[in-house]
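The values are calculated or read from the model by the stated rules, or taken from the named source; none is laboratory data. Computed from a prediction, not measured in an experiment: that's the story for all the values here. Heads up: the accessible areas ignore ligands, DNA and RNA and are worked out on the full protein's heavy atoms, side chains in. Shrake-Rupley method; radii C 1.70, N 1.55, O 1.52, S 1.80 Å.
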Amino acid sequence: MKKARGLIGLVGSVFGAVSAIQGFRNARKDKDKLLLVNASASILVAITGVALTIRSIRKDELK
């Protein structure tokens, strides 16, 4: 069950990353610095989410 939850979290983080990258592209196209900062932060949040999910899955495998 914990693995399934971890995989769902991973999928959610990947979708978040895709959305953040799209926002980053739009911000660059519009040359909007505030949106660019927001998109960059969103990308970092998505990367952190993926890393946390992977760590959680690995810890569950060790138990």
*Among Thr48, Thr53, what's the order by accessible area (1.4 angstrom probe), most exposed first?*
Thr48, Thr53
*Carbon and sulfur atoms: what percent of the 1.4 Å accessible area of the chain do they account for?*
66
_Assuming 0.36 nm per residue, please report the length gained on full extension of the stretch Ala41 to Ser56 beyond their Cα-Cα distance._
3.2 nm
*Compactness ratio of the chain: Cα Rg over 2.2 N^0.38 Å, N = residue count?*
1.36
*So what's the angle, to the nearest 10 degrees on a 0 to 90 scale, between helix 2-30 and the longest Cα principal axis of the chain?*
10
*Under-19-angstrom lysine pairs by C-alpha in the chain, whenever the two are 8 or more apart or on separate chains*: 4
